[in-house]
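Working notes for the structure below.
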Amino acid sequence: MSNKKKQRFNDYFELGLYFISTGCLIYFLIQGIPLKAFQGILIISVLTIIRGVVIFTKTELFPALRFSILFFIFLTMLLANEFGFYGIIPNLDKIEHLLSGVILHFIGMLIYWKLTAAESNQRYVSSTAIWFGFFFSVAMAGFWEMYEFTTDYLFGLQSQRGSLTDTMGDIICGTIGAVGTSIYLAFKGKRENPSPSTT
């Protein structure tokens, strides 16, 4: 599938998220469930903010990264929170952390290309870019758990459920996602020597 077709699919996916979120907002307002309605507002806001950041920074998200972000929003904000799938899909939290490892790996690579001033047609999946993306992803997984620990400690929240096992499980899942992405990109780079804009 060409880069243009992949981005068109992402356009439809994003439009669908806007449409469903707006429908949820209206429906739950009518039903008198303000917290669920607010979740619809949050999804619309996040999608809009991401689009604004892309425009402001003049950074095009390559198809795999954009799809991963949209799917993450669909899974975490729409299915898990809006429709309560945490009680339906076992270990959904761990699946989210696994996917976050993939997204953060892609973001790390995008940062690397920005730092090296690589234009969209010069962004090769080099071993350096893959390693940078991997370490960025693992570091951010650890940073997120430190954030959760801090908020739990200061505000009495239960993000980590007071469990080291939950914390380490989240970090391990994020790392597995980063490892899988690294392996995939390494093999893809050797086979095709692709531009990430077509990934």
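Please compute the contact order of the chain in relative form: average sequence separation of alpha-carbon pairs under 8 Å and at least six residues apart, divided by the residue count, as a percent.
Rounded, it is 24 percent for the chain.
Where the only charges are on Cβ atoms (+1 Lys, Arg; -1 Asp, Glu), what is the dipole of the chain about its Cα centre, to the nearest 20 debye?
Value, rounded to 20: 820 debye.
Could you please put ARG161, ARG66, ARG51 in sequence from largest to smallest accessible area, using a 1.4 Å probe?
ARG161, ARG51, ARG66
Per residue, how much accessible area does the chain have with a 1.4 Å probe, in Å²?
I get 59 Å² per residue for this part.
Could you tell me which of rounded, prolate or oblate describes segment 19-114, using a ≥ b ≥ c as the square roots of the eigenvalues of the alpha-carbon gyration tensor, with rounded for a/c under 1.5 and, failing that, prolate when a/b is larger than b/c and oblate otherwise? Intermediate results must be reported in sequence, preceding the final value.
Values: a/c = 3.47, a/b = 1.49, b/c = 2.34.
Verdict is oblate for segment 19-114.
With r as the distance between the Cβ atoms of LEU29 and THR116 and R0 = 45 Å, compute the FRET efficiency 1/(1 + (r/R0)^6) and round to 0.05.
0.40
Cβ under 14 Å from GLN7's Cβ, GLN7 left aside: what net charge do those residues give with Lys, Arg +1 and Asp, Glu -1? Display every interim value, and only then the final one.
On the way: positive: LYS4, LYS5, LYS6, ARG8, ARG51, ARG66; negative: ASP11, GLU14, GLU60.
Taking every Cβ under 14 Å from that of GLN7, the sum is +3.
Taking a 1.4 Å probe, which of MET168, MET146, MET77 shows the most accessible area, and what order do the others take after it?
My answer, sorted largest first, is MET146, MET168, MET77.
Just tell me which aspartates and glutamates come within less than 18 Å, Cα to Cα, of LYS114; anything on the same chain fewer than 8 places away is out.
Answer for LYS114, where 18 Å is the Cα cut-off: GLU60, listed by chain and number.
Please enumerate, by chain and number, the lysines with C-alpha under 21 Å from the C-alpha of LYS188, excluding those fewer than 8 residues away in the same chain.
Answer for LYS188, where 21 Å is the Cα cut-off: LYS4, LYS5, LYS6, listed by chain and number.
Run the paramagnetic zone check for PHE149: 7 angstrom along Cα to Cβ, then residues of segment 166-182 with backbone nitrogen under 17 Å.
The answer is 166-175, whose backbone nitrogens lie closer than 17 Å to the label point.
Can you tell me the FRET efficiency between GLN158 and ILE89 if r is taken as the Cβ-Cβ distance and R0 is 35 Å, rounded to the nearest 0.05? Display every interim value, and only then the final one.
Values: r = 20 Å, r/R0 = 0.57.
It comes out at approximately 0.95.
What does the net charge come to around LEU47 if you take all other residues with beta carbon closer than 13 Å to its beta carbon, with K and R at +1 and D and E at -1?
Combined, the nearby Lys, Arg, Asp and Glu give 0.
Counting C-alpha atoms alone, how compact is segment 125-194: give Rg to one decimal and Dmax as a whole number, in angstrom.
15.7, 50
Quick one: accessible surface of THR175, probe radius 1.4 Å, all protein chains present, in square angstrom to the nearest 10.
For THR175, solvent-accessible area is about 40 Å².
So if I restrict to the alpha-carbon atoms in the chain, what is the Rg, and what is Dmax, the biggest pairwise distance, in Å?
For the chain, the Cα-based Rg and Dmax read 18.1, 55 Å.
So, with a 1.4 angstrom probe, what is the percent of accessible area on the chain that is carbon and sulfur? Spell out each step's value before the answer.
Values: 8320 of 11660 Å².
Carbon and sulfur together cover 71 percent of it.
Solvent-accessible area of TRP131, probe 1.4 Å, all protein chains present, reported in Å² to the nearest ten, please.
150 Å²
Express in whole angstrom the spacing between the alpha-carbon centres of segment 6-38 and segment 91-161.
26 Å
If I model a spin label at LEU15 and ARG191 as a point 7 Å from the Cα along the Cα→Cβ vector, what separation in nanometres do I get?
3.1 nm
The values are calculated or read from the model by the stated rules, or taken from the named source; none is laboratory data. Please read these numbers as outputs of a predicted model, since none were measured by experiment. Every residue, glycine as well, gets a Cβ built from its backbone with ideal geometry; the counts of neighbours run over all protein chains shown. Keep in mind that these areas ignore ligands, DNA and RNA; they rest on the heavy atoms of the full protein, side chains included. Shrake-Rupley method; radii C 1.70, N 1.55, O 1.52, S 1.80 Å.
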